[in-house]
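**Student:** Submitted below is the structure of interest, expressed as structure tokens.
The values are calculated or read from the model by the stated rules, or taken from the named source; none is laboratory data. This is a predicted model, so every value here is computed, not measured. Counting neighbours? That spans all protein chains shown, and the Cβs are built from the backbone with ideal geometry, glycine included. In case anyone asks, the SASA skips ligands and DNA or RNA and just uses the protein heavy atoms, side chains included. Shrake-Rupley method; radii C 1.70, N 1.55, O 1.52, S 1.80 Å.
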Amino acid sequence: MNNKLLVASIAVLVLCANALAENADRSKETVVQAITGEFDHGAGVYVITKDVTISQGTLKITSNKGTVTRRPNGSYQSSLMGGPVCFRQRTEKGDWAQGIADRAEHDNATGIVELIGNAKLFVGDNEERANYIVYNTQTSKAEARESKDRKTEGRGVTFVLPPGEPDAPAAPIAATAATDAASSDAAATPPAKAVKPPIVKTPNPPKRNEPAFSRCA
């Protein structure tokens, strides 16, 4: 019996997986959309073309074509190319990770996204550029280098860091007996614990100058 099905219209796959992803997105279903797709349900392989979108909660990856392979445990590996590929997902800090590249690999079991070829990644206001960038959506850690196999040097990597906030100058304190006594009392009093500011999760990713980022806005 042939398990393959060729769909010549909009292809929509819903993969309900228990695999790990960015914390807020773990319980969400994965939806794969494209104009056309060839599905082999027995092998768990889905070949999709034209206006490809993979989404799971705030995670969104877009491309012109790709292949999604579903594992027996329900997790999946996707290989995407063309367009270029655009990726974005909100982090646990409330800001956004956004990346573009010639092609990309995404494993929702590990949360790893590989951006390959002319790769650029923003995490909040920090920017990385390299030929190859691997980003862990679960830890918000990234590594940039010229190639996946580390065998070539090429153009190297570039990190663009935002300027820090300047420290405010300390106000002068007059040396008086009253202030000395107040200082002694303050020293005897344990400092209050710093209150962490609430996390503000913006609903949409920021706009970038590169038009390719608009594909997964």
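**Student:** Near Gly83, within a Cβ-to-Cβ distance under 12 Å, what is the net charge of the other residues, with Lys and Arg +1 and Asp and Glu -1?
**Tutor:** Numbers: positive: Lys50, Lys65, Arg103, Arg215; negative: Asp51, Asp102.
Here the charged neighbours net out to +2.
**Student:** Which lysines, if any, have their Cα less than 25 Å from the Cα of Lys193, not counting same-chain residues under 8 positions apart?
**Tutor:** Counting by Cα, and skipping residues close in sequence, Lys193 has these lysines nearby: Lys93, Lys201.
**Student:** Nearest 20 debye, what's the magnitude of the dipole of the stretch 79-164 about its Cα centre given +1 on Lys and Arg Cβ and -1 on Asp and Glu Cβ?
**Tutor:** Details: 12 positive and 13 negative charges, 15 e Å.
Dipole about the Cα centre, nearest 20: 80 debye.
**Student:** About the Cα centre of the stretch 73-118, how large is the charge dipole given +1 on each Lys and Arg Cβ and -1 on each Asp and Glu Cβ? Please answer in debye to the nearest 20. Mind showing how you got there, number by number?
**Tutor:** Working: 4 positive and 6 negative charges, 30 e Å.
Using only the charged Cβ atoms, the result is roughly 140 debye.
**Student:** In nm, to one decimal, how far is the modelled label at Leu161 from the one at Lys141, with both set 7 Å along Cα→Cβ?
**Tutor:** So the label points at Leu161 and Lys141 sit 1.8 nm apart.
**Student:** So with the 1.4 Å probe, I'd like the accessible area per residue for the stretch 40-96, rounded to whole Å².
**Tutor:** Details: 2250 Å² over 57 residues.
With the other protein chains kept in place, the stretch 40-96 gives 39 Å² per residue.
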